[in-house]
Amino acid sequence: MAEQEIIDVRVSRRILRVGGEVYQLRTITRAAAVRVTPNRCRTAGRCAGYLLIAAIVLLFVDFALFTSGVSAERESRVALVTVFAVLLLVSLARLISVLVKRTYYALVIETAGHPFTVLVSRDPQEVGRLVHQIMDALDDPAAEFHVRVENFHLGDKINMFGGGHNIGKVGR
C-alpha cells in the first residue's frame, strides 16, 4: 500500500519547493507528467505460466505414480491436487492484488543532470496543472503559486544524494 501525505508545492522568487525539496527554476529543463501503472499483463502471464508449469508437473508426477504401481496412489493424488490448489490460490491472490492496484501519475522534473520524480498523485489533472504552472513559471520570472497536493510514496525510499550522509534503502 502506498503511503500518503499532503505536501506543499510552491514557486516563489524563482525557486520551486516540493515538500522538503528545493529546485532553482533556472536549472529545470523540463517538467512532465508520467503515468505509473502496474504491469497487469506481465503478472497475468506469470500467473498463467506458473499454473501451466504446475499442471504439467502434476500430470507428469501423476503419470509416474500410475505407471509405477505405487500402493498409496489415492493419497498421492490427494496430495498432488492439494499442492496444485495451493499454487492456484497463491497465483490468483498475486494476480488479484496487481489487478486492483491503482494507476498513479508522477510529476517528473528534469534538470541539467537527470530527472527527479518529485511527487506522485492519483489525480492526472492535478499533475498536468502543476506541469503547466511550473513551465509557465520558467517563462515568467514574476510567477508565483502555492498548491497543496496529496503525495504518495510508491516503493522503497532511498537517499543516495551528497557526501557521507547516505542512508541507503529505508525498510518499512
Among V86, V127, which is the only one that is closer than 22 Å to S12 by Cα and part of a helix (DSSP H, G or I)?
V127
Is it the case, given these coordinates, that R17 is open to solvent by less than 90 Å² (accessible area, probe 1.4 Å) and free of Cβ contacts under 8 Å to residues at least 40 places away in the same chain?
yes
What single numbered condition from (1) among the aliphatic types (A, V, I, L, M); (2) touching a Pro at 6+ places or on another chain (Cβ under 9 Å); (3) more than 25 Å from N151 (Cβ to Cβ) fails to hold for A32?
(3)
Of all residues in region 49-67, how many are open to solvent by 60 Å² or more (accessible area, probe 1.4 Å) and either farther than 26 Å from V86 by Cα or under 30 Å from the mean Cα position of the chain (by Cα) (or both)?
3
Do we find that A106 is in a loop (DSSP other than H, G, I, E, B), touching a helix residue (DSSP H, G or I) at 6+ places or on another chain (Cβ under 8 Å) and of a type in the set (A, V, I, L, M, F, W, C) in this structure?
no
Per the list (1) in a loop (DSSP other than H, G, I, E, B); (2) in contact (Cβ under 8 Å) with a residue 24 or more places away in the chain, residue check on A142 breaks on (2)
Selection over region 20-48 where residues are charged (D, E, K, R) and either under 22 Å from G113 (Cβ atoms) or open to solvent by less than 40 Å² (accessible area, probe 1.4 Å) (or both) yields a count of 3
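Can you spot a residue in region 141-148 that is more than 15 Å from Q4 (Cα to Cα) and touching a helix residue (DSSP H, G or I) at 6+ places or on another chain (Cβ under 6 Å)?
Checked region 141-148: at least one residue is more than 15 Å from Q4 (Cα to Cα) and touching a helix residue (DSSP H, G or I) at 6+ places or on another chain (Cβ under 6 Å).
Pick from R129, R148: which is modelled with pLDDT of 90 or more, charged (D, E, K, R) and loosely packed, with under 11 Cβ neighbours inside 10 Å?
R148
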Residues S76, S97, S91: which one is modelled with pLDDT under 75 and of a type outside the set (D, E, K, R)?
S76
Cβ-Cβ below 9 Å, separation at least six or inter-chain, first residue in region 30-48 and within 14 Å of L99 (Cα to Cα) and part of a helix (DSSP H, G or I), second open to solvent by 60 Å² or more (accessible area, probe 1.4 Å) and of a type outside the set (S, T, N, Q): which pairs?
R40/L99; R40/K101; T43/R94; T43/L99; A44/L99; R46/R94; C47/L92; C47/R94
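The values are calculated or read from the model by the stated rules, or taken from the named source; none is laboratory data. For clarity, every value in this text was computed on a predicted model and none was experimentally measured. Here Cβ is always computed from backbone atoms with ideal geometry, including for glycine, and neighbour counts include all displayed protein chains. Surface accessibility is based on the protein's heavy atoms, side chains included, excluding ligands, DNA and RNA. Shrake-Rupley method; radii C 1.70, N 1.55, O 1.52, S 1.80 Å.
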